[in-house]
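Taking it in order: structure first as structure tokens, then the write-up.
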Amino acid sequence: MTTCSSASAAAWGQQPGSSELLHRIRASVARIRVDAANGAGIERLLSTLLRHALAAGSPFEIALVLGSAAELMLFPEPEILEQCTAAVQQADQQALRGLVWAVRHRSMRSGKGARRFALDPQ
């Protein structure tokens, strides 16, 4: 399975900046596209990645998956996005909070026609 970050714990401790996050998001999107055969596969993969990030409680991984999904114009269901927002807000990292704010903004602007995904049950 694809992981969004090869060194998430190290990167999370280093307070990644906006450019570092963008670089990691683009790399993650490239890996997701390779690993998923079609649109449904991408949604399933994002769902699994987000479920694992939430279970690990890693604000960095959560933000990275949300950013990757937003680049693909996919967004988690609103209640899941709220859960992710709460988890990332606890981190004292401005870049992560800013990334989640941007994802929420893009999600709202996409309206009812936005492609959404739920978390896969384990």
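Every number in this text was worked out from the coordinates using simple rules, so none of it is lab data. Bear in mind the structure is a predicted one, so any value in this text is a computation, not a measurement. For neighbour counting, all protein chains shown are included, and Cβ atoms are generated from backbone atoms with ideal geometry for every residue, glycine included.
A few notes on this one:
- In the range 16-117 the Cα-Cα distances spread across 5 Å bins starting at 0 as 2, 14, 27, 27, 21, 8, 1, 0 percent of all pairs.
- Residues Arg109, Arg44 in ascending order of nearby Cβ atoms (within 10 Å, fewest first): Arg109, Arg44.
- Cβ crowding within 10 Å, taken as a proxy for footprinting-reagent exposure, orders Ser18, Ser107 from fewest neighbours to most as Ser18, Ser107.
- Likely footprinting exposure, Val34, Val103, fewest C-beta neighbours within 10 Å first: Val34, Val103
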